[in-house]
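**Q** This is the structure, below, for whatever I ask next.
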Amino acid sequence: MLNLVIVESPAKAKTIEKYLGKGFQVLASYGHVRDLIPKEGAVDTEHDFKMKYSLVERNQRHVQAITKAMKKAGTLYLATDPDREGEAISWHVSELLKEKKLLKDKPVYRVVFHEITKKSIQAAIKEPRELSMDMVDAQQARRALDYLVGFNLSPLLWKKIRRGLSAGRVQSPALRLIVERELDIEAFKTREYWSINSKVSASEQAFKAKLTHFDGDKLSQFSVTDAQRAKEIKDGIEAVAVGQLLVKKLQKKQRKRHPAAPFTTSTLQQEASRKLGFTTKKTMQIAQQLYEGVSIAGESTGLITYMRTDSVNLAQEAVDDIRQLIEQRYGKENVPSKQNVYKTKSKNAQEAHEAIRPSSVGQIPEDIRGSLSNDQYKLYLLIWKRAVASQMAHAVIDMVSADLNCGPGHTFRATGSTVNKPGFMSVYLEGKDDSNDDDDNKENLLPPMKEGELIDLLEVLPNQHFTEPPPRYGEASLVKALEEFGIGRPSTYASIISTLQNREYVEIEKKRFYPTDVGRIVNKFLTQHFTNYVDYDFTAKLEDDLDAVSRGEMQWLPLMKKFWQPFKSLIDDKEVSVQRSDVTQEAMDEKCPECGKQLSIRLGRNGRFIGCTDYPECSYTRNLNEDAAAAEPEVVEGRSCPKCESNLIIRSGRYGKFIGCSSYPDCKHMEPLEKPKDTEVVCPDCKKGTILERKSRKGKIFYSCSNYPKCKYALWNEPLNEACPNCSWPILTVKTTKRRGTEKVCPQQECSYITPCEEIAKPTT
């Protein structure tokens, strides 16, 4: 009788079927087969939060294939991914088949494996279990909570701010992190401070030492805060030292540095961001490929274990293999007497998964590089090195410090370190967030010295410094913060970050997150009116409760009821008590220069701006960061309005500066600040005007007829004064893409003329 095995991904289905052999058919569900209906009432809050599901449309044909195969099968093995989502997918598949009455008197087993290897898969089939309804309940509770928050809070945002916005149970606290960091940066006041260093020499080797005590007082960061005091200290030391310092005290000690644990989902995302520049989403996509298998010597091979895990443990078999490899490649001295064991930092580590490691440590990255894409190789190398290093001997660092004195109570300290035994450091070093220095990465050697010895003082060097605000979050530091606060799960971090970007709540510049104006307004609304639901502790507690449900320590229905009642009451209250103007406008202590009414900071389609509260009667606006003095209109000299002959002035609008009539709103004449560039190509439509190069409101270049609005002919690509050899249209255009390079293209949609051309040089300005 046929055994039907269901996995999530088609990429691993063929490999698993080959490993299982005859009598087994492996089909893919292609992810979730059912989801909540996408409309109100999908979660029935009046009847124990009963959930209404429908087939995922894109996966209907895959469900049909599973149904057809199940009619012939005698046994069903549910082998979806070994996490809550995988458990829920298995449950949904079995429920669909039950509805079709295809499981009557047929055994249904749940099998779990953490690596796509023949041994692991065959072992899993031999040791099946039942579906874990605790894990299914936890996933359903999470899905229901996310649905209820989204379907109730998002429409409120539409009414009180603008349409298209969304709020989420997890995304909103994540947004709060980014906005609060930005507010901290804006509120930060820079302070000046000075450090006093010396350049000294011993045994003909120059090195630096830092002043730690002056006149017997220990120096702190802000002991010296101006140049005058720094100079006084410099002059005082030079006068007493007379070119020499006394080696008062030497200390030598050894420090052990231990390797980092093998990767969890979170630490992999962080390190891939730091070391490889990968986004969280990209990291998980490539890790999925490595897990499901790549073609090596014509055979699909899974290279890493399952990549969604909080565990830092390794299977004993894997540890033994790694220790053997270390001895072979790096020497017996780098194998510790006992294996290294790590404790998870995650309060509720997800299930009994292993850490992320190579499926077989014998798959040396360099040996299989030709079978991997560049990104796959980089990530696999990172995972391989981290796993190997985690089981290597600690590094031994020789530390040396020297106290150098001159006069009463003046002390400089010099420190240095050398790597005595590199241990694991010969293979892998963990990266750091927002750090310019990695002291353990740099050897700072001090020359040989003896206590009581006089050494040469070459120079006293006062250095000016300024305190810096906290750094903005990058992907690595944001993931770290989310984990520390207990917001979401590592498997959801990528989707959290994507959602914040897709909703235009944040922007990324130089790999750092900046909140947009819309993001600020949304966060302000949520923190003021839904304080509890964006509170870090509340969000973390809810995650803990969901974890407790998955372990069978808590029931999901009481959890849902406890959340829903106060949340719904608050939604209903804010629906009535909060006005849109309360959210989108912020009063200013400044009068409108045109009508004398009060100004306010307002939210428009393109962000926040300053505008008159008497709008639309008064249309005065200016940029948010533009002061009132700078906002006084500048008269355009030597020109008058072509419609009414009033003065022309330079005005500021939501899309930047432009020339407008001073008699507005009686006269509404407007024109761009910069005169459009004439391409001197005759308009092929009206044949009277020429095509001008213009800028859209958002700064994008386009081309249109000079006779606008009479002629509305426009193009996105630069026109050429050449007729199309195919259809004889009077002009061609120049189009450049990354994939195809620069080409001449006919602008007529019905004409397919394309030919390569050299990139046209742009005149420099």
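**Q** Of the conditions (1) without any contact (Cβ under 8 Å) to a residue 40 or more places away in the chain; (2) out of contact with any strand residue (DSSP E or B) (no Cβ under 7 Å at 6 or more places or on another chain); (3) not in a loop (DSSP other than H, G, I, E, B), L429 fails just one. Which one is it?
**A** Here L429 meets the rest and fails (3).
**Q** Please find, among G552, G486, G519, the residue that is at pLDDT below 90 and either more than 27 Å from the chain's Cα centre (by Cα) or outside the structural domain of H353 (by TED's automatic domain parsing) (or both).
**A** One residue alone meets the criteria, G486.
**Q** Same structure again: Of a type in the set (D, E), buried (at least 21 other Cβ atoms within 10 Å of the Cβ) and under 20 Å from L131 (Cα atoms), is that true of E99? Working first, answer last.
**A** Numbers: of a type in the set (D, E): yes; buried (at least 21 other Cβ atoms within 10 Å of the Cβ): no; under 20 Å from L131 (Cα atoms): yes.
In short, no.
**Q** Shifting gears a bit: Please enumerate the residues belonging to the stretch 361-382 that are buried (at least 16 other Cβ atoms within 10 Å of the Cβ) and either charged (D, E, K, R) or part of a loop (DSSP other than H, G, I, E, B) (or both).
**A** Once the filter is applied, which keeps residues that are buried (at least 16 other Cβ atoms within 10 Å of the Cβ) and either charged (D, E, K, R) or part of a loop (DSSP other than H, G, I, E, B) (or both), the stretch 361-382 yields V361, Q363, L372, D375, K378.
**Q** Do you know which residues across the stretch 176-202 are within 22 Å of the chain's Cα centre (by Cα) and more than 22 Å from H465 (Cα to Cα)?
**A** Selection gives R176, L177, I178, V179, E180, R181, E182, L183.
**Q** Let me ask something additional. State which residue is modelled with the lowest pLDDT when the search covers only the stretch 728-757 and only residues that are within 21 Å of S704 (Cα to Cα) and charged (D, E, K, R).
**A** It comes out as E750.
**Q** What are the residue pairs meeting all of these: first residue in the stretch 676-687, first residue at positive phi and among the acidic types (D, E), second residue modelled with pLDDT of 90 or more and surrounded by 17 or more Cβ atoms within 10 Å (Cβ to Cβ), Cβ atoms under 7 Å, and 6 or more apart or on different chains?
**A** none
**Q** Let me ask you something else. Kindly list, by first and then second residue, each pair from a residue in the stretch 16-36 that is farther than 19 Å from H114 by Cα and not assigned by TED's automatic domain parsing to the domain that holds S295 to a residue that is of a type in the set (F, W, Y) and in a strand (DSSP E or B), limited to pairs with Cβ atoms under 7 Å and residues at least 6 apart or on different chains.
**A** Going by the 7 Å Cβ cut-off, the qualifying pairs are R34/Y53; D35/Y53; L36/Y53.
**Q** I need the full set of residues from the stretch 383-423 which are assigned to a loop (DSSP other than H, G, I, E, B) and crowded, with 21+ Cβ neighbours inside 10 Å, in order please. If you could, list the steps in order and put the result at the bottom.
**A** Of the residues in the stretch 383-423, the ones assigned to a loop (DSSP other than H, G, I, E, B) are 391-394, 407-409, 422.
Q391, M392, A393, listed by residue number.
Table: residues versus (1) in contact with a Pro (Cβ under 9 Å, 6 or more places away or on another chain); (2) of a type in the set (S, T, N, Q); (3) at pLDDT 95 or above.
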residue: F24; (1), (2), (3): no, no, yes
residue: A28; (1), (2), (3): yes, no, no
residue: G31; (1), (2), (3): no, no, no
residue: E40; (1), (2), (3): no, no, no
residue: E46; (1), (2), (3): no, no, no
residue: V56; (1), (2), (3): no, no, no
residue: N59; (1), (2), (3): no, yes, no
residue: T67; (1), (2), (3): no, yes, yes
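**Q** I'm told S619 meets every condition in (1) closer than 26 Å to R163 by Cβ; (2) part of a loop (DSSP other than H, G, I, E, B); (3) without any contact (Cβ under 8 Å) to a residue 40 or more places away in the chain except one. Can you identify the failing condition by its number?
**A** So the condition that S619 fails would be (3).
**Q** Filter the stretch 40-60 down to the residues that are under 29 Å from I6 (Cα atoms) and part of a loop (DSSP other than H, G, I, E, B) and list them by number.
**A** Matches in the stretch 40-60: A42, F49, K52, V56.
**Q** Out of the stretch 290-344, which residues are out of contact with any Asp or Glu (no Cβ under 9 Å at 6 or more places or on another chain), crowded, with 22+ Cβ neighbours inside 10 Å and among the polar types (S, T, N, Q)?
**A** The answer is none; no residue qualifies.
The values are calculated or read from the model by the stated rules, or taken from the named source; none is laboratory data. All of these numbers come straight from a predicted model, not from anything done at the bench. Every residue, glycine as well, gets a Cβ built from its backbone with ideal geometry; the counts of neighbours run over all protein chains shown.
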